[in-house]
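Undergrad: Sharing a structure here in C-alpha cells format.
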Amino acid sequence: MSLLYVVIRIDDRLAAIPAGHVESVIELEDIYPVPRAPAHVAGLAAMRSQSLTVIDCRAALGLAQSETCGERAPVVSVGGHLYALRVDLVDDVLESRSEMQPVPGDYGPGWQRVGRGMIESESGPLLILDVEALVAGLQKQAA
C-alpha cells in the first residue's frame with residue numbers, strides 16, 4: 001500500500017511529511033517573535049483566526065540560516081497544538097514507491113535525529129521526518 005507524503009525542501013535536501021499529519025499548507029505572512037522562545041521557534045502566526053507556532057526547520061535541525069525562505073508552510077498538529085513548519089520550499093504531494101527503509105548514516109546529526117526512514121518516490125529518495133522531533137528542536141536531543 002502506497003502512502004501520500006508532502007514533499008518539502010530544507011537546505012537543498014528533499015524530505016517528506018506523511019500527508020495525514022499535514023492539516024493544511026498556508027502562506028506565511030506576518031510572524032510575531034516570542035521573547036525567550038527557543039531558537040527554533042520563529043514566532044507566532046495566524047491561520048483562520050487561530051494562532052500557531054512557527055518552527056524554523058533549519059534551526060530545529062541545527063543548520064545555518066538562509067536568506068531565502070519559502071513563503072508556504074505545512075501546518076501540523078502535535079499534542080493538540082498547531083505548528084507551521086518554515087521550510088525552504090513546499091514542493092509536491094507524492095506517493096511512496098517503496099517500504100520505509102532505515103536512514104543512512106551520512107545524513108548528519110540533525111537529520112538523523114528527526115529522520116524516521118527513507119522511501120523511494122518519483123522524485124527520488126525522500127527522508128521521512130518525525131514531526132514531533134522536528135517541533136521539539138534541539139532541546140529534545142539535549143534532554
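The values are calculated or read from the model by the stated rules, or taken from the named source; none is laboratory data. Predicted model only: the values in this text are computed from it and were never measured. Positions of Cβ are generated from backbone atoms using ideal geometry, with glycine treated the same way; all protein chains shown enter the neighbour counts. Note: areas computed on protein heavy atoms with side chains; ligands, DNA, RNA excluded. Shrake-Rupley method; radii C 1.70, N 1.55, O 1.52, S 1.80 Å.
Undergrad: Among the residues of the stretch 59-77, what is the count of those that are under 22 Å from Y32 (Cβ atoms), surrounded by fewer than 16 Cβ atoms within 10 Å (Cβ to Cβ) and of a type in the set (A, V, I, L, M, F, W, C)?
TA: 0
Undergrad: Return yes or no: is L82 aliphatic (A, V, I, L, M), more than 21 Å from D12 (Cβ to Cβ) and surrounded by fewer than 20 Cβ atoms within 10 Å (Cβ to Cβ)?
TA: Values: aliphatic (A, V, I, L, M): yes; more than 21 Å from D12 (Cβ to Cβ): yes; surrounded by fewer than 20 Cβ atoms within 10 Å (Cβ to Cβ): yes.
Criteria met by L82.
Undergrad: Residues to consider are D91, D11, D56, D30; find the one that is of a type in the set (D, E), under 20 Å from G137 (Cβ atoms) and open to solvent by 30 Å² or more (accessible area, probe 1.4 Å). Full working, then the answer.
TA: Details: D91 fails: under 20 Å from G137 (Cβ atoms); D56 fails: open to solvent by 30 Å² or more (accessible area, probe 1.4 Å); D30 fails: under 20 Å from G137 (Cβ atoms).
Sole residue among the options that is of a type in the set (D, E), under 20 Å from G137 (Cβ atoms) and open to solvent by 30 Å² or more (accessible area, probe 1.4 Å): D11.
Undergrad: Any idea how many residues of the stretch 108-131 are within 30 Å of R36 (Cα to Cα), surrounded by 14 or more Cβ atoms within 10 Å (Cβ to Cβ) and not aliphatic (A, V, I, L, M)?
TA: The total comes to 8.
Undergrad: Please work out if G62 is within 14 Å of the chain's Cα centre (by Cα), farther than 26 Å from D30 by Cβ, in a loop (DSSP other than H, G, I, E, B) and touching a residue at least 40 places away in the same chain (Cβ under 8 Å). Walk me through it before giving the result.
TA: Values: within 14 Å of the chain's Cα centre (by Cα): yes; farther than 26 Å from D30 by Cβ: yes; in a loop (DSSP other than H, G, I, E, B): yes; touching a residue at least 40 places away in the same chain (Cβ under 8 Å): yes.
Judged against the criteria, G62 is a match.
Undergrad: Return a yes/no flag: does the stretch 83-96 have any residue that is touching a residue at least 60 places away in the same chain (Cβ under 8 Å), touching an Asp or Glu at 6+ places or on another chain (Cβ under 8 Å) and not acidic (D, E).
TA: So far as the stretch 83-96 goes, yes, one or more of its residues are touching a residue at least 60 places away in the same chain (Cβ under 8 Å), touching an Asp or Glu at 6+ places or on another chain (Cβ under 8 Å) and not acidic (D, E).
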